[in-house]
Amino acid sequence: MPLVMLAMLETNPMATPFSVVLLLGLIAGLANVAGGVLLLRMRAERFLHGFVAFGAGFLIAVALVEMVPESLRVSPIAGPLWILGGFCGIHLLEHTLVAHFHFGEETHVNEFLHPSTAYSVTFGLAAHTFFDGIAIASGFAFSSTLGWLVFTGMLLHKLPEGFTVGSVMLASGRSAGMAFTAACALGGATVAGVAAIHVLPGLANVGLPLSAGVALYVAATDLLPEVNRAHGVRYRLLFFLGVAAFLLARRIA
């Protein structure tokens, strides 16, 4: 990592004020909470299918077209390793360290899970959303355009995250209040990720490629398989619409 880049991040403020970035992190976190509320208030499976499909297309486009190239520009040697680390790390967390992990619109309300499983899944998703916050703040640390694109990509899969953690809590016999609390914990972790980059701005050099690997993993292995399992060609079309929406937003920016 070039020392001049680290010095630039440490001495120059973000083009976008931190108060705005923190507000966006809070909005993203509230979307986690909204996902939990949707689970408790209404049947939202079809609604979430659309969010998953559109979000998968937008997020994978953000990761491949913006986050990965910017990471390689900032750190040509270490950047690819950090991207790989983010990809492998989230896989280790979701499918090795955390039992019975599912993501997306799939619900567990008709299943019975051990209470410890619910807490481990909540922990895994909280770590995941912490990187969502890091990604948002790291994007804004480099440019407003990158920050807004990353924020949009992260926002689009926040509802399924809250929906998932709430369904796991209910399936393990926890109360509706605990399901809501778990969704709030995901939102809090998102805000904490934003704050971490503000407190230690030099971490953006690592946070951006790490979160690029996480974003690639989430889009390609968590979200896209859910799209492929969904019934109806409209969900496949929504994936490509998500990609097109990113390209349009990037063009306008």
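All of the numbers you see were taken from the coordinates with simple rules; none came from a lab. Since this is a predicted model, take the numbers as computed values, not measurements. We place every Cβ from the backbone using ideal geometry, glycine too, and count neighbours over all the protein chains shown.
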What is the local net charge at G57, summed over the other residues whose Cβ is closer than 15 Å to its Cβ (Lys, Arg +1; Asp, Glu -1)? 0
Mind checking the full-extension length gain between T96 and L26? Use 0.36 nm per residue of separation minus the Cα-Cα distance, one decimal, nm. 22.2 nm
Could you give each residue of region 130-139 its phi-based ³J(HN,Hα) in whole Hz, using Karplus coefficients 6.51, -1.76, 1.60 with θ = phi - 60°, and x for Gly or Pro? 4, 5, 4, x, 4, 4, 4, 5, 5, x
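Stretched out fully, how many nm does the piece from A192 to T145 gain, at 0.36 nm a residue minus the Cα gap?
Working: separation 47, 0.36 × 47 = 16.92 nm, distance 2.19 nm.
Going from the current span to full extension adds 14.7 nm.
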Using 0.36 nm per residue, how much length does the chain from L72 to S19 gain when fully extended, once their Cα-Cα distance is taken away? 16.3 nm
Calculated FRET efficiency for the pair V199/R234, C-beta based, R₀ 41 Å, to 0.05: 0.40
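Please report the relative contact order for region 15-248, taking Cα pairs under 8 Å with a sequence separation of at least 6, and give it as a percent rounded to a whole number. The partial results should precede the final answer.
Details: 420 pairs, mean separation 97.9, N = 234.
Rounded, it is 42 percent for region 15-248.
Rg(Cα) of region 15-248 divided by 2.2 N^0.38 Å?
On the way: Rg = 16.5 Å, N = 234, 2.2 N^0.38 = 17.5 Å.
In units of the globular-protein estimate, region 15-248 measures up at 0.94.
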Spin-label model distance (nm) - A220 vs I252, 7 Å beyond Cα toward Cβ: 2.9
Region 193-223 and region 53-89 have their Cα centres apart by a whole-number Å value of 9
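For a test of the definition: using alpha carbon positions, the gyration tensor, and the 1.5 limit on a/c, classify region 153-253 as rounded, prolate or oblate.
Working: a/c = 2.24, a/b = 1.04, b/c = 2.15.
Oblate.
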